[in-house]
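Inspection log for the structure reproduced underneath, given as structure tokens.
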Amino acid sequence: MTVVPVYNVVVVPDSNIYFGIDNYKKMTGRAPFEGEKVILMILRADDSREDLEKESFYPIGVSGVITEVNAGGYLVIRTHGRVHFDEITVYSDHTIELSVSRRRDEEDLDPAYEEERLEKLKKLVIEYTSQFQWGALTRAYSEQWTTIGEIAAIMSPWLSISNEERYALLAEDSKKKRSEAMEKILYENLEMFHVNNEARSAQEEGYQKVYRESAIKKQIEYLQKELDEMHPENITDVRRFQVLIEESGMNETARKEADKVLNRYKQEGQNSPESGMLYDYLDFITGLSWKNEDAREIDLDEAEAVLEEDHFGLKKVKERIIQQIAVMNLKKQQSGSILCFVGAPGTGKTSIGQSIAKALKRKYSRVSLGGVRDEADIRGHRRTYIGAMPGRIMDGIHKSGVSNPVMVLDEIDKLSVSYNGDPASALLEVLDPEQNNTFTDHYMNAPYDLSNVLFICTANSLDTIPEPLLNRMEVIQFQGYTATDKLQIAKRHLLPKALQNVGISADNLELSDEMIRTIISDYTQESGVRGLRKRLETLCRASAVQIVRGKGSKVVVTKENLRDFLDMHPVYHKQVKESARPGIVTGLAWTAAGGEILYIETLLTKGKGEILITGQLGDVMKESARIAVTLVKSLFPEKSEIFEENDLHIHVPDGATPKDGPSAGITLTTALSSLITGLPVPPNIGMTGEVSLQGGVNPIGGLPEKLLAAQRAGVKKVFIPEDNIDDLRDVPDEVKENLEIVPVSESTEVLRALGLLGS
């Protein structure tokens with residue numbers, strides 16, 4: 001008896017199995033002949049004869065006999081009954097030895113019921129096979145089927161069932177359950193056929209539609225391209241945006257968003273109410289530079305020459321900028337440092353940003369943040385709102401036309417908070433090198449890389465900048481200019497530009513250095529040079545009037561006509577007083593406009609020991625005054641009755657101006673000591689420093705500006721905290737040469753130096 005391994009075939013008793021002769025030879029190693037008895041063994045997997053093992057077979061098979069060997073290349077095996085493989089041996093020469101026993105069916109199927117089942121299955125098979133070309137043959141031969149097994153064998157190759165399900169049909173002993181399972185399989189396959197047929201029809205319709213649409217689009221694109229080449233001036237907006245999007249190099253997210261908006265723009269049409277908003281978005285996003293600019297090698301000497309040419313002084317600032325450029329050269333990319341220039345108005349913070357862009361050979365962009373109180377000004381508006389616009393950062397990038405401009409965020413200290421959000425918090429992402437490479441503007445709705453942008457912030461004061469924002473920036477202080485610096489700036493930059501603006505030359509105006517110094521000292525009051533620029537422009541305009549009226553081709557400015565030309569009174573400068581009085585001492589203060597001298601006045605009146613403090617002082621300065629009173633009481637115990645029998649009044653002139661800070665502590669202490677001892681302090685002696693309750697003099701801020709103000713006001717000697725000695729490096733040599741600077745660590749050192757306290 002020949003063993004025939006089979007796979008992927010439903011094998012049931014009393015049915016005909018059609019088998020390819022070549023396949024038979026492959027699996028048995030011999031040619032078939034009619035009358036040959038065979039045993040069909042069902043394989044678990046489609047293994048070759050060389051790979052067969054005992055475990056390759058299911059435990060139940062079918063016996064049969066070859067009834068026909070057809071010259072057309074197939075044979076017919078008529079199955080008889082099921083057999084159980086009690087023992088299977090597979091030899092090395094691939095022969096198989098079996099020990100089998102007969103497996104009998106359970107005759108639980110009523111003949112009438114079997115006939116009913118058979119007819120039902122015939123109808124299902126006819127309906128199922130109608131999808132195939134040989135379906136008509138099935139209808140013709142269906143009358144010859146006498147058993148359910150025959151139906152199972154014939155339909156086996158065409159049923160979508162697993163090998164396990166095929167074996168389950170064979171292993172089932174109950175004829176009734178076997179017929180029910182076969183019926184269920186046919187039902188499932190028929191249902192699947194209907195679903196697939198519907199899907200295939202829909203798919204074919206979809207393919208036809210897609211193909212037709214694709215063909216039409218290609219024709220339109222070809223014709224549109226021909227028209228564009230013939231008439232480039234008539235290129236439609238849609239076509240133009242398509243080209244711009246393709247060539248922009250934008251990231252995948254931005255590309256998807258742009259394509260979505262472009263499709264909507266095409267569907268809406270130019271007459272749609274939303275077409276303007278869609279057009280603006282496409283125009284904006286395609287106008288951005290999405291390509292990373294190559295890092296350029298910057299010549300440090302050349303960059304330094306540019307900075308020196310455009311700005312006089314600012315030595316420390318220029319050194320730090322050159323360091324930044326050197327780092328960028330080495331890293332071949334934007335450095336992580338965000339520079340913050342802090343100083344009085346007119347000291348060159350914004351203009352040096354332009355010089356940096358010039359030195360780096362980059363585009364320059366300036367964003368004014370003064371008064372901004374809406375978070376959307378930074379992050380942009382969402383396009384759901386009418387009149388939505390991009391944020392100021394992305395708008396600045398768009399206007400610059402490059403992805404790596406030098407961007408100056410001007411007046412960052414003047415941001416404010418409102419119910420619309422906190423702009424300063426929105427700036428945290430912009431100025432954080434770890435986050436800004438994926439900055440997402442709400443208007444764009446797509447990330448943009450800001451890591452190549454060199455951000456420079458400017459501020460007049462650090463007090464109003466939130467701490468988290470300040471931590472992300474490197475602060476560079478811009479000190480005020482000395483009179484000598486202002487003279488050079490006026491001659492090199494301000495005056496030539498003012499002459500050019502009014503259309504006259506240096507030959508038409510004679511303005512001596514002495515007259516410029518007079519303008520600086522008598523008609524300006526500032527740490528910067530903005531007021532000086534305005535005075536020179538006024539002078540040039542007045543000179544232009546004289547020349548146009550024919551009063552000469554050259555105007556000579558003298559002390560006599562300077563005031564008439566400027567048409568203003570000389571400004572009031574705080575100068576040291578000529579006479580000294582007990583209880584009045586010169587202090588030094590720092591404001592957003594630079595340094596100033598500040599007088600502390602004290603007075604005793606009959607009373608009950610009350611203390612009155614005036615001059616619009618802040619809480620910190622009031623506390624300094626009370627500390628000074630307590631300290632003086634401890635230093636002069638013999639004068640204690642003076643404080644008990646009199647009221648003390650402390651006043652700081654210029655009452656309309658708010659004042660605060662601890663740096664007037666030593667001045668208050670000295671003024672009170674002068675008052676109770678009756679000994680005056682020379683007015684040309686100034687001082688600054690915070691005083692502790694134990695009499696120590698603690699460090700303060702703004703020392704360079706304060707010393708500049710002291711020199712300008714005529715102060716000759718200044719007491720400063722010893723801990724501020726390092727700050728003297730930032731003070732111009734001209735100022736240090738004209739001032740006697742005395743570092744102190746204790747308030748008693750000041751009092752003894754002034755003769756107010758015994759040794």
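Nothing in this text is a laboratory measurement; each read-out follows from the coordinates by a stated rule. Only a predicted model underlies this, so the values are computations on that prediction, with no experimental measurement involved. In this analysis, Cβ positions are derived from the backbone assuming ideal geometry, glycine residues included, and neighbour counts consider all displayed protein chains.
Just to verify a number: FRET efficiency for Glu319 and Ser351, C-beta to C-beta distance, R0 = 25 Å, to 0.05?
Once the sixth-power term is evaluated, E becomes 0.90.
Given an 8 Å cut-off on Cα distances and at least 6 residues of separation, report the relative contact order of the chain as a percent.
Details: 1299 pairs, mean separation 57.0, N = 759.
Once normalised by length, the contact order is 8 percent.
If you take every DSSP beta bridge fully contained in region 604-759, what fraction is antiparallel? Give it as a percent rounded to 5.
Percent antiparallel among DSSP bridges in region 604-759 is about 30.
Of the GluC sites (Glu not before Pro) in region 1-108, which ones lie in a loop per DSSP and count no more than 14 other C-beta atoms within 10 Å?
Glu34, Glu53, Glu107
On full extension of the chain, what length is gained from Lys736 through Ile21, given 0.36 nm per residue of separation minus the C-alpha to C-alpha distance?
246.0 nm
Tilt of helix 315-331 relative to the longest C-alpha principal axis of the chain, in degrees (0 to 90, nearest 10)?
20
What number comes out for the charge environment of Leu562, summing +1 per Lys or Arg and -1 per Asp or Glu over other residues with Cβ under 13 Å away?
Combined, the nearby Lys, Arg, Asp and Glu give -2.
Of Lys37/Lys184; Lys331/Lys486; Lys349/Lys736; Lys315/Lys577; Lys534/Lys554; Lys25/Lys176, which sit over 26 Å apart, Cα to Cα?
Violating the 26 Å limit, Cα to Cα: Lys37/Lys184; Lys331/Lys486; Lys315/Lys577; Lys25/Lys176.
Given the chain, what percent of its DSSP beta bridges are antiparallel, to the nearest 5? Write out the running numbers ahead of the final one.
On the way: 47 of 88 bridges.
Expressed as a percentage, antiparallel bridges in the chain total about 55.
If you fit an axis through the alpha-carbon atoms of helix 252-268 and take the longest principal axis of the Cα set of the chain, what angle between them do you get, 0 to 90°, nearest 10?
80
Could you state the angle between the C-alpha long axis of helix 665-677 and the longest principal axis of the C-alpha atoms of the chain, as a value from 0 to 90 degrees rounded to the nearest 10?
It is inclined by approximately 20 degrees.
Name the chymotrypsin sites (Phe, Trp or Tyr not before Pro) in region 571-651 that are in a loop by DSSP and that have at most 11 other C-beta atoms within 10 Å, would you?
Sites meeting the loop and neighbour criteria: Tyr572.
State which entries of Lys123/Lys177; Lys363/Lys706; Lys414/Lys717; Lys358/Lys399 exceed 28 angstrom in Cα-Cα distance in the structure shown.
Lys363/Lys706; Lys414/Lys717
Just one of (i) 13, 27, 25, 17, 10, 5, 2, 0; (ii) 12, 24, 19, 15, 11, 13, 6, 0; (iii) 12, 33, 37, 17, 1 is P(r) over Cα pairs in 20 Å bins from 0, in percent as worked out from the coordinates here. Which one is it?
It is the value labelled (ii).
As an exercise, use a Förster radius of 56 Å and the Cβ-Cβ distance of Glu510 and Thr657 to find the FRET efficiency, rounded to the nearest 0.05.
Here the calculated transfer efficiency is 0.90.
How high is the relative contact order of region 1-100, given as a whole-number percent (alpha carbon pairs under 8 Å, six or more residues apart)?
Working: 208 pairs, mean separation 30.2, N = 100.
Once divided by the residue count of region 1-100, the mean separation gives 30 percent.
For region 298-476, what is the relative contact order in percent, using Cα pairs closer than 8 Å and at least 6 residues apart in sequence? Spell out each step's value before the answer.
Values: 327 pairs, mean separation 50.8, N = 179.
Relative contact order for region 298-476 comes out at 28 percent.
At 0.36 nm per residue, minus the direct Cα-Cα distance, what do Lys491 and Arg541 gain on full extension? Give it in nm, one decimal, please.
16.3 nm
Taking only DSSP H segments of four or more residues, each worth -39500 (n - 2.57), what value at 222 nm results for the chain once the sum is divided by all its residues, to the nearest 500 deg cm²/dmol?
On the way: 27 runs with 327 residues, N = 759.
Mean residue ellipticity at 222 nm (helix-derived): -13500 deg cm²/dmol.
Between Glu252 and Ser92, what is 0.36 nm times their sequence separation minus the Cα-Cα distance? Round to one decimal in nm. All intermediate terms of the calculation are to be shown ahead of the outcome.
Values: separation 160, 0.36 × 160 = 57.60 nm, distance 6.06 nm.
In short, 51.5 nm is gained.
For Asp647 paired with Arg212, estimate the spin-label separation in nm (one decimal), with each label point 7 Å from Cα along the Cα-to-Cβ line.
Once both label points are built, they end up 10.1 nm from each other.
Note down the net charge around Glu705, summing +1 for each Lys or Arg and -1 for each Asp or Glu among other residues with Cβ under 12 Å from its Cβ. All intermediate terms of the calculation are to be shown ahead of the outcome.
Working: positive: Lys706, Arg712; negative: Glu526, Glu596, Asp727, Asp730.
Once positives and negatives cancel, what remains is -2.
How big is the Kirkwood radius of region 4-120, worked out from every pair of different alpha carbons and given in Å to one decimal?
15.4
When Lys and Arg each count +1 and Asp and Glu each count -1, what net charge do the other residues less than 14 Å away from Glu172, Cβ to Cβ, add up to?
0
Can you list, by residue number, the Cys in the chain that have no neighbouring cysteine C-beta under 4.7 Å?
Flagged as lacking a Cys partner: Cys540.
Once label points are set 7 Å from the Cα along Cα→Cβ at both Lys606 and Lys633, what is their separation, rounded to one decimal in nm?
Each label point lies 7 Å from its Cα, and together they span 2.3 nm.
Nearest-5 percent of antiparallel DSSP beta bridges in region 508-653?
Around 70 percent of the beta bridges assigned by DSSP in region 508-653 are antiparallel ones.
For Glu375, enumerate residues with amide H under 5 Å from its amide H, sequence gap 5+ or separate chain, H modeled in the peptide plane.
The list, which skips near neighbours in sequence, is Gly421, Asp422.
R0 = 25 Å: FRET efficiency of Thr614 with Thr464, Cβ-based, nearest 0.05?
Step by step, r from the Cβ atoms, then E = 0.45.
If you filter region 577-663 for trypsin sites (Lys or Arg not before Pro), then keep DSSP loop positions with at most 13 other Cβ within 10 Å, what is left?
Numbers: sites: Lys577, Lys606, Lys608, Lys622, Arg626, Lys633, Lys639, Lys659; in loops: Lys577, Lys608.
For trypsin sites (Lys or Arg not before Pro) across region 577-663 that sit outside H, G, I, E and B with at most 13 neighbouring Cβ atoms in 10 Å, the list reads Lys608.
Given H placed 1.01 Å from N in the peptide plane, which residues other than close sequence neighbours of Phe719 have an amide H under 5 Å from its amide H?
Residues meeting the amide H criterion: Gly686, Met687, Thr688, Val742.
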